[in-house]
Amino acid sequence: MKSATSRGNTFLALAGLAVASMPFWATAYHMQLASTALILSMFALSLQLLVGGAGLVSLAHAGFFGLGAYTIYLLGPVSILISLPVAALTAGVAALGIGALALRTSGFFFLMTTLAFGQMLFFLFHDTPLGGGLDGVFIQRPDTIWTISKAQRPTVFLLLNLSVLAAMYAGLWLLMRTLFGRALLGIRANEHRMRAMGHPVQRLKLAAFTVAGMLAGIAGHMAALTDAFIAPDLLGWHRSAEALLAILLGGIGFLHGPILGAFALTLLEELSPLITERQRLVEGAVILAAVLLLRRGLAGIGR
Amino acid sequence: MMDARGLSRRFGGLLAVSDLSLTLQVGELHAVIGPNGAGKSTLVNLLAGELTPTEGSIWLNGVDIAALDTERRARAGVGRTFQRTNLMPELSVLENVRLAAQVRSGGILRRADRVRPPIEDALAALTRVGLRGTEQNAAGTLSHGQLRQLEIAVALAGQPSVLLLDEPLAGSGAEDAAPLVALMRDLSREHAVLLVEHDMDVVFAVADVVTVMVDGRMLARGTPGEIRASAAVRDAYLGHVVA
């Protein structure tokens, strides 16, 4: 997996600045839309550690995203300084447990095992009173450091989500440069040879699965914080599929691919109703065309 | 030193390796020859830990390693090459070898480009096999002969005490083979080397000890001269080749 080149980094920085300047020129609605894209970016980026990093395609990822979101509901009103680490930790512990079992399988069976575990988490919130029921609940947001008026919310959440995404990207950028990150890329390239070299492949994969789960928990926490609403849908497998789609569209071979893909998907979802009522049809056609024409995704354009 | 005693491996009704014992020591190149299906590759996989023996024990420097998996055996000092090139084609030549050397480095959260020992070990291994200058190329762009050299460099970078070479010349032409033959002779000075090879000229040129396998069993063992002179070996195996 490649990171952005210096030209790509410039583009990312400029895009970040454009989003950061939205409070000066955009409507509250568009800032909320940008927050949605930022959260999907975080979620897809966390999954990219598995897909582009270690070659692991997981459908359990939305489960960790949803756990992070539900942490806010289950904790009740606390400070964000507590809810955010607890969300990461909860999702991380779940990922450690599920990963330890699911990573005994590989390939297609890994995909199906993660699907099963992800759906178990989904039904835990869908069919039991634990999370407020199947219709979802409005939640009280965690206390932010200072009081935010209703009018300030879109601006504050936009900047908060942008900061969290930037921190997550920087963290993963650094992580992929470590011996650990290089070993993951080796596993993606040839797991069998990595074993023959003596790498503790299973432990490395489990570490990646756990870290990715924690990051997904953070993304879910930010989603619940932004929307003040949670529902079992957050944990459904189609959410995982959406993140996989963002990775595929943005470029599986690039760390920043999922961010481009997430923004493209959000934009597509916003614009397609303008063209026709058959929204999904247009979306499907555009994604299909993009994937067929851009074999290396949006991030691969011009390389 | 590696010592295998009474190794057997059964696949259903087939006894692929049967009651085979052998000793590998530093300074000695031990070649295993035999017709196709004699169990040579199974033997390598038993020693490397890809397969667990049905019976028998494998000792590495006085420790029984028969129950250890591939990863643990590799970390204990058993390195191997593969008959079919088994590398990371999209990664650079250097990265292929550096990853093998990285196994011995702790501090897994350090920046890879700042941890020098694996890089230096990798470059040393590449120099040794004659691939210096190609290190920044993607491994997939190398020629077949170079890939065979890279296979050996990857195995060497792990600094194994025991080196299992599974048909290192497979698919190589004569011009590719010559430097590898010289390399193998050189390697046996510092490593206990097991060589599985089809090319008899190569085996007789580099081996100190030759074991002949037929149908999973040891048919004969001796110096290259003894094996060449053995009537039993000639009848069972070499005869087919000559005829």
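The values are calculated or read from the model by the stated rules, or taken from the named source; none is laboratory data. Keep in mind the model is a prediction, meaning the values are calculated, not measured. Note: ideal-geometry Cβ built from the backbone for every residue, glycine included; neighbour counts use all protein chains shown. Ligands, DNA and RNA are stripped out before the accessible areas are found, and what is left, the full protein with its side chains, is counted by its heavy atoms. Shrake-Rupley method; radii C 1.70, N 1.55, O 1.52, S 1.80 Å.
Miscellaneous remarks
- Residue selected from the range B:23-38 under the condition in contact with a Leu (Cβ under 8 Å, 6 or more places away or on another chain) and assigned to a strand (DSSP E or B), by the criterion nearest to residue B:61 (Cα to Cα): B:24
- Highlighted here are the helices (runs of 4 or more DSSP H) found entirely within the range A:1-119 that include at least 1 residues which are open to solvent by 10 Å² or more (accessible area, probe 1.4 Å) and among the small types (Gly, Ala, Ser): A:6-20, A:28-48, A:80-102.
- Matching residues in the range B:70-110 - criterion: being modelled with pLDDT of 95 or more, of a type in the set (D, E, K, R) and farther than 23 Å from residue B:170 by Cβ: B:71, B:72, B:75, B:95, B:98, B:110
- Condition met for residue A:139 (open to solvent by 40 Å² or more (accessible area, probe 1.4 Å) and touching a residue at least 12 places away in the same chain (Cβ under 8 Å)): no
- Each residue in the range B:90-107 was checked for being part of a helix (DSSP H, G or I), facing chain A (nearest Cβ under 9 Å) and over 18 Å from the mean Cα position of the chain (by Cα), and 4 of them qualify.
- Scanning the range A:200-225 for residues that are more than 30 Å from residue B:75 (Cα to Cα) and open to solvent by 20 Å² or more (accessible area, probe 1.4 Å) turns up A:214, A:215, A:218.
- Residue check, residue B:83 within 14 Å of another protein chain (Cβ to nearest Cβ) and surrounded by fewer than 22 Cβ atoms within 10 Å (Cβ to Cβ): yes
This table checks each residue for (1) open to solvent by less than 40 Å² (accessible area, probe 1.4 Å); (2) over 21 Å from the mean Cα position of the chain (by Cα).
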{"residue": "B:149", "(1), (2)": "yes, no"}
{"residue": "B:153", "(1), (2)": "yes, no"}
{"residue": "B:177", "(1), (2)": "yes, no"}
{"residue": "B:190", "(1), (2)": "no, no"}
{"residue": "B:199", "(1), (2)": "no, no"}
{"residue": "B:208", "(1), (2)": "no, no"}
{"residue": "B:232", "(1), (2)": "no, yes"}
{"residue": "B:235", "(1), (2)": "no, yes"}
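- Pairs with Cβ under 8 Å, 6+ apart, first in the range A:151-177 and more than 14 Å from every other protein chain (Cβ to nearest Cβ), second open to solvent by less than 30 Å² (accessible area, probe 1.4 Å) and among the polar types (S, T, N, Q): A:154/A:35; A:157/A:35; A:157/A:226; A:158/A:35; A:161/A:35; A:161/A:226; A:165/A:41; A:168/A:46
- Number of positions in the range B:42-78 that are of a type outside the set (A, V, I, L, M, F, W, C), within 13 Å of chain A (Cβ to nearest Cβ) and either surrounded by fewer than 18 Cβ atoms within 10 Å (Cβ to Cβ) or assigned to a loop (DSSP other than H, G, I, E, B) (or both): 6
- In the range B:152-179, of all residues being free of Cβ contacts under 8 Å to residues at least 40 places away in the same chain and not in a loop (DSSP other than H, G, I, E, B), the one that is farthest from residue B:39 (Cα to Cα) corresponds to B:175.
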